[in-house]
Amino acid sequence: MTLKTLLATSAASLIALSTAATAQTEINFWHAMGGQLGERTDAFATTFNGQQDACVVNSVYQGNYTETMTAAIAAFRAGEQPHIVQVFEVGTATMMGAEGAVYPVHKLMEDQGIEFNESDYIPAVISYYSDTDGNMLSLPFNSSTPVMWVNLDLFEANNLEVPTTWEETIAAARVLKEAGVASPLGFGWQSWTQIENFSAWHDLEIGTMENGFAGTTTELTINNPAVVAHLDRLQDMVEEGLFVYAGRRGDSRPQFVNGEAAMWINSSAYFGGFAADIQDFEFTQVPMPVDTAVRAEPQNSIIGGATLWTLTGHEDAEYACAAQFLNFLSGTEQQADWAQATGYVPITNAAAELMQERGFFAENPGTDVAITQLSLSEPTANSRGLRFGNFVQIRDIINEEMEAIWAGDKTAQDAMDAAVERGNELLRRFEATNG
Amino acid sequence: MEKRVVFKSRWLPYLLVAPQIVITLVFFIWPAYQALETSFYLEDVFGFSRTFVGLENFTRLFGDDGYLRSFWTTFVFGFAVTFLSMSMALGLAVAANRVIRTATLYRTFLIWPYAVAPALAGVLWFFMMNPTLGIIAYMLEVVWGVDWNHYVNGDQALLMVIIAAAWKQISYNFLFFLAALQSIPKSMIEAAAIDGANPGRRFWTIVFPLISPTTFFLLVVNLVYAFFDTFAIIHATTSGGPADATSILVYKVYSTGFVGQDYGSSAAQSVILMAIVIAMTFIQFRYVERKVQY
């Protein structure tokens, strides 16, 4: 063997080696699932990586929903964006407005020749996440809806029926208070549960232009008499000691876990955590109470949670992997396992059926409440969801104004008027940049 | 004697200060300029387009009651944190200065909290004062019958973040005060004692004036700390709430910019903050420093 051939063969083998190394395409997936949920999400990536050799998915936790979204946007501006990012529902309008940054999932699947049937998803999910042309721009991943968590032991000990209306809720709360329950009622994500979902549940408009779905000129209408009356009622409960406010987001969770709250309105996705953390008492989920003065029967609730967005600016081979991974995640098996473990609703009809077949709903009474609430009736323009720009900030404004009510600094009417005024200003700013 | 150093080469001095100038330009002047520029624009989130809006970002801020309230909150917070942390630190330093046995042990313990990250300090107090779980909240209720709920009560929330922010800074102040106290000649204090001055008088007429340069330095450092570095404490505990009770200016910059992604308004707020720092530094060196005895 001459030196020349030796060099040639070694060069050839080097090339072969390097192609073998690059044969695996890496893609980045940024998510906002912490704790138990995060482990499960990462496990999806690990399973997917083990099933095939072509792609490697790096599943990275980037902090809470807001942090993940802002990190992805900052990364995009710096040209370092992930392939897939999980964005919560209130960020939907912002993402949809960013046409140059988003690779719509229906188009991605079409380009990669993977079947993507939007009608597989449950109607509440389709209606929330479809654009005006009826296309889904992102892949639904985790969706939940607010339910009322009930401490059954406290209800039994006081011979109480689980309430279905707000009058019954107040009556039950009084008995429970009498029996020494510190805060009979509690709730988290207050804008989502007590304003957005209260409105959908009673078929009330949240904002003009079909809650923002029909255009960016939308204005908030949450200072309407029904919402104000509801907040007045809650403020009365504060004064009577029937409800003690314990913070934004899920900060009030200890109230329910410690038995200080007997009724707690928040996401159905607390199921997994509660099942692990609560041993001292029996609990279940029931539908949110109805305000019979507004509507005799509830309409339907709206979802919270997040979808997966594909961002532009990557290689075609990487998008092939992204499409395969998204396809894997939306698989019936994965979705059913995920929903069973976490309390998120099964977002495809097939996953719901599989859970039914497995007997999950029968074994865990109450776990079907979320999906029942979501599909209670055909969503109306008021109850299909909401699409407001800058809504992350607007929610903070609503939080602030609601806290002013709980502290007794403002009346419900004043607070909601202020929330509408301040919120509309941000909507106008969004309109100015995205109109 | 000529104190100034005279360089032979004309260019050497410029070369020597160049690294410092470059660092200042790249890390301070350039970002500051960018903030100033962005504050005149309205920009979409992903940075595809921007429109020049003149002073609109500023006029909007000053038309916003919430922003004006935030000024007041910031001043209350800033001065309360500075006063609390400095007075506590001075008290501890005076006490530690008198300790003869195991002095190092005491000092080490007192300096320890400085190693705690601000966010952790916030969370620590947050847990202890949590209305449902916290030990302090429980004691307040059982011993004094105080109904503690910083989720609802804005004053309590503000008090909580003030305590957390001040606690964190005590160690730092303690270190400087202790050093200053130890540099005071013993003979002066002894002389005053012989003249019949009691400990309180000795402190206020001799010790306090002698450590005034340190006090002045700490005043500047603490105010800057309270105004700008306490972001993590607020972020990790109250997120500016309840309502906007703990929403200090620097937190507002963050929430507008990073949560709301309204970069124009956020930049305008940074520019206003910059102006405040410049004004504060000017006032301090112009008026307060004159009274300091070096």
Quiz item: At a Förster radius of 41 Å, what calculated FRET efficiency corresponds to the Cβ-Cβ distance of residue A:43 and residue B:120, to the nearest 0.05?
Solution: 0.90
Quiz item: Among bridges DSSP assigns within the protein assembly as shown, what percent are antiparallel (round to 5)?
Solution: 65
Quiz item: residue B:50 to residue B:14: FRET efficiency via 1/(1 + (r/R0)^6), r the Cβ-Cβ distance, R0 41 Å, to the nearest 0.05?
Solution: 0.65
Quiz prompt | Two-site label geometry, residue B:286 and residue B:147: point separation in nm, points 7 Å out along Cα→Cβ | solution = 4.8
Quiz item: So what are the ³J(HN,Hα) numbers for the range A:98-104, from phi and the Karplus equation (6.51, -1.76, 1.60; θ = phi - 60°), rounded to whole Hz, Gly and Pro as x?
Solution: 8, 4, x, 9, 10, 9, x
Quiz item: So which DSSP H runs in chain B come out at 27 Å plus along the axis (Cα) with average Kyte-Doolittle of at least -1.0?
Solution: B:65-98, B:154-182, B:263-283
Practice problem: For the range A:143-181 and the range B:215-244, compute the distance between their C-alpha centroids and round to whole Å. | Solution: 41
Quiz item: Could you give the length gained on full extension between residue B:23 and residue B:275, defined as 0.36 nm per residue of separation minus the Cα-Cα distance, in nm?
Solution: 88.6 nm
Exercise. Name the helices (complete DSSP H segments) of chain A with a Cα length along the long axis of 27 Å or more and a Kyte-Doolittle mean of at least 1.0, or state none.
Key: A:3-22
Exercise. Report the paramagnetic label zone for residue A:135: residues of the range A:81-112 whose backbone N is under 11 Å from a point 7 Å from Cα along the Cα-to-Cβ axis.
Key: A:103-111
Practice problem: Just tell me how shielded A:244-256 is by partners: mean number of partner chain Cβ atoms within 10 Å of each residue's Cβ, no decimals. | Solution: 4
Quiz item: Using a Gaussian network for chain A with springs between C-alpha atoms less than 10 Å apart, which of these wobbles most: A:320, A:350, A:362?
Solution: A:362
Quiz item: Looking only at other chains, what is the average number of their beta-carbon atoms within 10 angstrom of each beta-carbon in B:126-132?
Solution: 4
Self-check item: Per-pair calculated FRET efficiency, R0 = 41 Å: residue B:201 and residue A:249 via Cβ, rounded to 0.05
Solution: 0.15
Self-check item: Cut-off 12 Å between beta-carbons: net charge of the residues surrounding residue B:39, Lys and Arg +1, Asp and Glu -1
Solution: -2
Quiz item: Peptides A:140-147, A:128-135, A:245-252, B:216-223: what's the order by average Cβ count within 10 Å, highest mean first?
Solution: A:140-147, A:245-252, B:216-223, A:128-135
Quiz item: Which one of A:283, A:198, A:361 has the biggest mean-square fluctuation once chain A is modelled by GNM with Cα springs under 10 Å?
Solution: A:361
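Computed from the coordinates by the stated procedures, all read-outs in this text should not be read as laboratory data. Predicted, not measured: the structure shown is a model, and the values here were computed from it. For neighbour counting, all protein chains shown are included, and Cβ atoms are generated from backbone atoms with ideal geometry for every residue, glycine included.
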